[in-house]
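> One structure follows; several queries about it will come next.
The values are calculated or read from the model by the stated rules, or taken from the named source; none is laboratory data. Values in this document were obtained by computation on a predicted structure and should not be read as measured data. Using ideal geometry, Cβ is built from the backbone for each residue, glycine included, and neighbour counts are taken over all protein chains shown. Quick note on the areas: whole protein, heavy atoms, side chains included, nothing else; ligands and nucleic acids left out. Shrake-Rupley method; radii C 1.70, N 1.55, O 1.52, S 1.80 Å.
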Amino acid sequence: MEIPRHLIELRRAVEAADNRYRSNRGENATVALAVWSDATAALARGIAAYADETGVPHREVELAVQRATGRHTPVR
């Protein structure tokens, strides 16, 4: 399945935000968590829109995005 570049970029943004959150404390962690939350929501919307557009099941698109980024961890 061909995955749109914007979904791959969104997945990488989620991973980067997750890493920032895990490496910060206090106020910085709160900001990083907000960024992670926004990135995760954007990824979920993007996956849902692509699944609706193509007729491919949501979970299948989600797994394809994970494979395309080389990550096999679950999307939160």
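> From (1) in a helix (DSSP H, G or I); (2) without any contact (Cβ under 8 Å) to a residue 12 or more places away in the chain, pick out the condition that doesn't hold for ASN24.
(1)
> Considering only residues that are touching a residue at least 24 places away in the same chain (Cβ under 8 Å) and over 12 Å from the mean Cα position of the chain (by Cα), which ones fall in region 27-53?
Across region 27-53, the qualifying residue is only TYR50.
> Looking at (1) among the hydrophobic types (A, V, I, L, M, F, W, C); (2) in contact (Cβ under 8 Å) with a residue 40 or more places away in the chain; (3) buried (at least 16 other Cβ atoms within 10 Å of the Cβ), which one does VAL56 not meet, given that it meets all the others?
(3)
> Continuing with the same structure: What about ALA49, is it modelled with pLDDT of 90 or more, hydrophobic (A, V, I, L, M, F, W, C) and exposed (fewer than 15 other Cβ atoms within 10 Å of the Cβ)?
It is true that ALA49 is modelled with pLDDT of 90 or more, hydrophobic (A, V, I, L, M, F, W, C) and exposed (fewer than 15 other Cβ atoms within 10 Å of the Cβ).
> Is it the case that region 45-63 has a residue that's under 19 Å from GLU2 (Cβ atoms), among the basic types (Lys, Arg) and in a helix (DSSP H, G or I)?
yes
> It is to be established whether one or more residues within region 27-37 are in contact with an Asp or Glu (Cβ under 8 Å, 6 or more places away or on another chain), modelled with pLDDT under 95, closer than 19 Å to HIS6 by Cα and open to solvent by less than 100 Å² (accessible area, probe 1.4 Å).
Yes.
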